[in-house]
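Step one of this worksheet: look at the structure below.
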Amino acid sequence: MPKGIPNKRYTPEFKKQVVEAVIQEGLSYQEAARIYEVQGHDRIQSWERIYLEEGPEGLA
């Protein structure tokens with residue numbers, strides 16, 4: 001990431017919305033990253049793992 005551009009922070013509610021779209025709508029991580037403007041589809045994959053292991057509370 002270029003210098004001077006801060007990392008974007010995502011709220012727990014937003015993460016939950018994205019993960020549930022992946023699960024319920026069958027979106028790929030790449031599709032979800034594009035639709036929800038998330039930097040890096042691997043981030044969504046990580047959110048999904050946390051969601052499945054710890055539930056929505058784990059995304060806080």
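Summarised in one figure, the compactness ratio Rg/Rh of the chain, Cα atoms and Kirkwood Rh, is 0.99. Between helix 12-25 and the chain there is an angle of about 60 degrees, using the helix long axis and the longest principal axis of the Cα atoms. Against the main long axis of the alpha-carbon atoms of the chain, helix 41-54 sits at an angle near 40°.
Only the coordinates and a few stated rules stand behind these numbers; no lab work does. Small disclaimer: the values here were computed from a predicted structure and weren't measured.
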